[in-house]
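All remarks here apply to the structure that follows.
Any read-out appearing in this document is the output of simple, stated calculations on the displayed coordinates, not a laboratory observation. As the structure is a computational prediction, the values presented were derived from the model and not from experiment. Methodologically, a virtual Cβ is constructed for each residue, glycine included, from the backbone with ideal geometry; neighbour enumeration extends over all protein chains shown.
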Amino acid sequence: MSTKKRSAKLKTTMRKKRRPSGQLRTIAVDDFGQMHQALRDQPSYAIYRGVPDARFELVPKIGRYHGGWDPRLERDILTIFRNRARPYLDREPSTMWEWLTIAQHHGLATRLLDWTRNPLVAAYFAVEGTQDCDAAIYAYVDRVNRLTGQSPFEAKRVGKYYPSHLFRRIAAQDGLFTVHPNPDHPFRPRNGFKLLIPKGLRSEFRDVLDMYGVNRASLFPGLDGLAAYVQWLKIESKRPWE
C-alpha cells in the first residue's frame, strides 16, 4: 500500500468524537500508528501532556483540592517550602520561577502543569500505569504564548514557561510548564486537541515506546528509574525476553 493510501486510510479510521461547546476536540485512536499519524504534522512549537485517565482535565495540582483554590494558602505553602528547602539545595534559586520549578519537581502543589515537547514522552506518561480506564494525550499548539520576565503570580493568562534545566529529569523529558493564573479552572485551549487511547492498548503502547527507547530508565535518569525499568522489563512486561 502506498504512503498516500495508508495515510488516507488512517485518517478515515481515526474517530473524531463530538464535543460539547467549550470542550477540546477529541480524537480516538485504535493503534500506535494512528497516534503517530495524528501527531506527525504538528508544528515544532506544539507541546504535549499525557494523563493516565482520560477524564482528567488540565488543572494544576493546587487547584484540584475539594476546598477550592486559596491564593493565600498557595503562598503559604511555597513560603514554608522555600524556608525549609534551603539546606538541601546546592545553590539558592534566583527567581520565583526557579522556586516554583523546584517545588513542582519535588511534588509540591503549585500553579504549574508539566508538559513536554516530545509527544512520545507524553504517550509514556499516559499509558505508564495499569489503570482500568482510557488514557489521553493533550496537545497545545500555540507559537507565541510564552511568559518571560514577570512573576508567575502576576501572569494574567495561561502561558508557557521554559525552565533552565536545573534537573536531569526535566532535560531527559524535554520538559516545560504552563502557568495558570486561575489554577482551579480547567484549561481548554481553542488551539489544542485531545487524543484518546483506549485502555486495552496501554500494554501495547508501553512495549512500542520501549522499543523507541522511551521508558522509565530514560525519562528518570538514576538508580530509581533504572530499578523501576528493570522490574517492568523482566516481571511486568509481556514482551518475550530471553
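For the stretch 99-106, does any single residue satisfy the condition of being within 20 Å of M211 (Cα to Cα), touching a residue at least 24 places away in the same chain (Cβ under 8 Å) and either surrounded by fewer than 15 Cβ atoms within 10 Å (Cβ to Cβ) or not aliphatic (A, V, I, L, M) (or both)? Don't jump to the end; show me each part of the working.
Filtering the stretch 99-106 for residues within 20 Å of M211 (Cα to Cα) gives none.
Within the stretch 99-106 (the criterion being within 20 Å of M211 (Cα to Cα), touching a residue at least 24 places away in the same chain (Cβ under 8 Å) and either surrounded by fewer than 15 Cβ atoms within 10 Å (Cβ to Cβ) or not aliphatic (A, V, I, L, M) (or both)), the answer is no, since none of the residues qualifies.
Suppose we keep only residues that are within 12 Å of V141 (Cβ to Cβ) and not in a loop (DSSP other than H, G, I, E, B) within the stretch 35-51. Which one would you say is nearest to the chain's Cα centre (by Cα)?
Applying the first criterion (within 12 Å of V141 (Cβ to Cβ)) to the stretch 35-51 yields 39, 41-48.
Filter once more, keeping what is not in a loop (DSSP other than H, G, I, E, B): 39, 47-48.
Values: L39: 15, I47: 9, Y48: 6 Å.
Checked the stretch 35-51; the qualifying residue nearest to the chain's Cα centre (by Cα) is Y48.
Taking A155, is it touching a strand residue (DSSP E or B) at 6+ places or on another chain (Cβ under 6 Å), under 19 Å from I47 (Cβ atoms), part of a loop (DSSP other than H, G, I, E, B) and small (G, A, S)? Steps first, answer last, please.
Numbers: touching a strand residue (DSSP E or B) at 6+ places or on another chain (Cβ under 6 Å): yes; under 19 Å from I47 (Cβ atoms): yes; part of a loop (DSSP other than H, G, I, E, B): yes; small (G, A, S): yes.
Spelling it out, A155 is indeed touching a strand residue (DSSP E or B) at 6+ places or on another chain (Cβ under 6 Å), under 19 Å from I47 (Cβ atoms), part of a loop (DSSP other than H, G, I, E, B) and small (G, A, S).
Check whether at least one residue in the stretch 25-34 is in contact (Cβ under 8 Å) with a residue 12 or more places away in the chain, in contact with a Phe, Trp or Tyr (Cβ under 7 Å, 6 or more places away or on another chain), closer than 30 Å to V127 by Cα and loosely packed, with under 15 Cβ neighbours inside 10 Å, and report yes or no.
yes
List the helices (runs of 4 or more DSSP H) inside the stretch 193-242, counting only whole elements, that have at least 3 residues being acidic (D, E) and touching a residue at least 12 places away in the same chain (Cβ under 8 Å).
202-211
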